[in-house]
Amino acid sequence: MLYRVLNDESIYEECTGNNCTLEIKKDFTNITDNYSDEDDECIIETKELVKIIELWTTKINSINK
């Protein structure tokens, strides 16, 4: 979904998981905590979020070898 937006295949994607919802746009992604009583959200540059996910995935894969 992130790559679809970054590669201009889509202008907006939304993904809801167990704990949070991602509203993905080309420049920024809004992450909202689904279980918070308050409007807890984090806005991050979409490219930066991709970098974080890639680093996390690399680390997890190196631990599981």
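Within the straight-line cut-off of under 20 Å between alpha carbons, the aspartates and glutamates reachable from Lys26 are Asp8, Glu9, Glu13, Glu14, Glu41, Glu45, Glu48, Glu54, sequence neighbours fewer than 8 places apart in one chain being disregarded. As a length-normalised measure over Cα pairs under 8 Å and 6 or more apart, the relative contact order of the chain settles at 21 percent. Taking each DSSP H run with n ≥ 4 as -39500 (n - 2.57) and averaging over every residue of the chain yields -11000 deg cm²/dmol at 222 nm.
Only Lys, Arg, Asp and Glu carry charge here, each on its Cβ (+1 for the first two, -1 for the last two); on that basis the chain has a dipole of about 620 debye about its Cα centre. Here is the list for region 20-59: chymotrypsin sites (Phe, Trp or Tyr not before Pro) lying in DSSP coil, each with at most 14 other C-beta atoms within 10 angstrom of its C-beta, are Tyr35.
The alpha-carbon of Lys59 sits under 21 angstrom from the alpha-carbons of these lysines, leaving out residues fewer than 8 places away in its chain: Lys47, Lys51. Calculated from the structure at hand, Rg/Rh (Cα atoms, Kirkwood Rh) is found among (i) 1.52; (ii) 0.94; (iii) 1.03 as (iii).
All of the numbers you see were taken from the coordinates with simple rules; none came from a lab. Not measured: the values here are computed from a predicted model. Backbone-built Cβ (ideal geometry, glycine too); neighbour counts: all protein chains shown.
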